[in-house]
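Peer 1: Below you will find the structure I want to go over with you.
The values are calculated or read from the model by the stated rules, or taken from the named source; none is laboratory data. The structure presented is a predicted model; accordingly, all values stated were derived computationally and were not measured. Every residue, glycine as well, gets a Cβ built from its backbone with ideal geometry; the counts of neighbours run over all protein chains shown. Each accessible area value is taken on the protein alone, full model and side chains, heavy atoms only, with ligands, DNA and RNA left out. Shrake-Rupley method; radii C 1.70, N 1.55, O 1.52, S 1.80 Å.
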Amino acid sequence: MAEERAVIEELKRLDRDLLNPKRLSILVILYVSGPKTMAQLVRLTGLSWGDLESNLRKLREKGIIEMSKTITPNGIRTMVKLTPYGVKTFLEMASKLELLLKILRGDR
Amino acid sequence: MDEDRDNRVDNVEEAAKLVVLAKKLVEYRCILSAAFAFFIFGMTFASLVMIAISVYIALGAPSRFWALVSFGTVVLCATISILLLRSVAPMCRYEELGYEPPSRLRLYYGLSFIVPFVVLYSLPMPNALLPYTIRWLPALGIALLVAYFTVERRSPLNTKFMLLASILILVSTPISIAIELAAPNIGGAASTGFMLLSYLIVGAHALRRAKKIFE
């Protein structure tokens with residue numbers, strides 16, 4: 001019972017905007033493999049351009065990512081990368097989720 | 001209501017697994033990066049040192065120029081290694097591991113690989129005590145030790161690769177000196193061998209440590 005309460009408390013503390021599967025997959029890709037162009041993110045996440053843009057906008061508004069025009073061998077591309085605050089937020093979320101996973105594994 | 005909560009918990013559990021995997025992957029990449037650094041730096045350093053020593057001995061150059069040759073070799077080696085590491089090895093930034101290094105860290109890191117070489121080659125030490133052709137070996141050992149205390153010790157990964165490499169190199173230094181004194185100009189080759197062996201051991205240890213992340 002106490003463990004269940006702990007799970008619920010942890011769930012409440014998590015940023016639900018970041019837990020959205022589409023935004024989470026964008027965050028994981030940027031965290032694991034570094035800055036990516038929009039085209040690479042479309043390919044890796046399987047999202048449409050419109051969907052990707054709206055999710056990136058939300059992450060940008062929160063200060064999690066930053067976007068900039070970069071010259072690449074294929075021309076000028078929009079590069080997306082995690083901000084230092086984004087990395088910090090991601091790692092904080094990871095710690096909470098890790099704790100939650102431990103509670104859940106003990107629970108089941 | 002309960003079913004909704006269960007679904008939410010399931011979704012969060014999936015998210016947790018994904019995020020934990022992402023963290024492990026970044027740790028894995030960072031440790032692989034360290035292993036690559038030892039292999040690339042070791043091979044670059046060994047090849048350049050062996051060429052430098054061979055040319056130096058073949059030309060019969062006096063020992064007072066050895067400091068210049070050694071310094072040039074180290075600078076060339078550092079440049080080639082950094083270029084190679086940046087272009088082919090997986091890169092790692094401490095920020096990704098939740099640690100914000102102070103801006104002075106790069107300076108400390110650079111200095112730790114310059115000062116020991118400058119000091120050891122400037123010391124008016126008799127050649128019989130520490131021959132010129134192998135002074136770079138203890139200098140490298142000290143450099144790695146300083147780099148461990150100034151940089152690596154702060155790493156959130158808690159690795160001791162530089163410490164291990166420095167111990168191995170410093171332990172092998174007296175053997176290299178003995179070889180050089182017994183057979184002049186052979187100590188350089190022995191030193192290179194010890195350096196390569198030390199880096200091989202540390203690189204392999206780093207790879208093993210990386211592998212353990214997923215065990």
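Peer 1: Round to the nearest 10 and report in Å² the accessible area of A:ASP17, as given by a 1.4 Å probe over the protein chains' heavy atoms.
Peer 2: Only protein atoms counted, so the area is about 70 Å².
Peer 1: If A:TYR85, B:TYR121 are ordered by their accessible area, calculated over protein heavy atoms with a 1.4 Å probe, which sequence runs from highest to lowest? Could the numbers behind the result be given before it?
Peer 2: Working: A:TYR85 125, B:TYR121 20 Å².
Listed by decreasing accessible area, they come as A:TYR85, B:TYR121.
Peer 1: State the cysteines of the protein assembly as shown left without a partner when partners are defined as other cysteines whose beta carbon lies under 4.7 Å away.
Peer 2: B:CYS77
Peer 1: Just the accessible area for A:GLU9, please: 1.4 Å probe, Å², rounded to the nearest 10?
Peer 2: Taking all protein chains as shown, A:GLU9 has close to 80 Å².
Peer 1: Sticking with this one: Between A:THR70 and A:GLU98, what FRET efficiency comes out of the Förster formula 1/(1 + (r/R0)^6) with R0 = 45 Å and r the beta carbon distance, rounded to 0.05? Write down the numbers at each step before the final one.
Peer 2: Details: r = 33 Å, r/R0 = 0.74.
Efficiency computed from Cβ-Cβ geometry: 0.85.
Peer 1: OK, next. What ranking of B:ILE134, B:ILE186 comes out by heavy-atom accessible area, probe 1.4 Å, highest first?
Peer 2: On the way: B:ILE134 0, B:ILE186 90 Å².
The most accessible residue leads, giving B:ILE186, B:ILE134.
Peer 1: Which shape class applies to the range B:45-128: rounded if a/c is under 1.5, otherwise prolate when a/b exceeds b/c and oblate if not, where a ≥ b ≥ c are the square roots of the Cα gyration tensor eigenvalues?
Peer 2: On the way: a/c = 4.30, a/b = 1.81, b/c = 2.37.
Oblate is the answer for the range B:45-128, as a/c is 1.5 or above yet b/c matches or exceeds a/b.
Peer 1: Using a Cα-Cα cut-off of under 26 Å, which lysines could be cross-linked to A:LYS102, ignoring same-chain neighbours fewer than 8 residues away?
Peer 2: Cross-link targets: A:LYS12, A:LYS22, A:LYS88, B:LYS17, B:LYS23, B:LYS24, B:LYS211, B:LYS212.
Peer 1: Also, quick follow-up: With the other protein chains left in place, how much accessible area per residue, in square angstrom, belongs to the range B:127-183 at a 1.4 angstrom probe?
Peer 2: Details: 2250 Å² over 57 residues.
On a per-residue basis, the range B:127-183 sits at 39 Å².
Peer 1: Compare B:LEU18, B:LEU137, B:LEU48 in a GNM of chain B, Cα atoms joined below 10 Å, and give the one with the largest fluctuation.
Peer 2: Maximum fluctuation in the GNM of chain B, among the listed residues, is at B:LEU18.
Peer 1: May I pose another question? Which value, in Å² rounded to 10, gives the accessible area of B:LYS23 with a 1.4 Å probe and all protein chains present?
Peer 2: Accessible area of B:LYS23: about 50 Å².
Peer 1: Ok, one more. Could you work out how much longer the chain between B:ARG93 and B:LYS211 gets when fully extended? Use 0.36 nm per residue separation minus the Cα distance between them, nm to one decimal.
Peer 2: Between B:ARG93 and B:LYS211, full extension yields 40.5 nm more.
Peer 1: Using a 10 angstrom cutoff on alpha carbons, build the Gaussian network for chain B and name the most mobile of B:ARG86, B:ARG153, B:ARG135.
Peer 2: B:ARG86
Peer 1: Chains B and A: what accessible area do they bury, summed, in square angstrom to the nearest 100, with a 1.4 Å probe? Could you put the intermediate results ahead of the total?
Peer 2: Values: alone 12420 and 7200 Å², together 17570 Å².
When B and A are taken together, about 2000 Å² of accessible area is lost.
Peer 1: Suppose every Lys and Arg Cβ carries +1 and every Asp and Glu Cβ carries -1, with no other charges. What dipole size does the protein assembly as shown come out with about its Cα centre, to the nearest 20 debye?
Peer 2: On the way: 39 positive and 27 negative charges, 135 e Å.
I would put it at about 640 debye.
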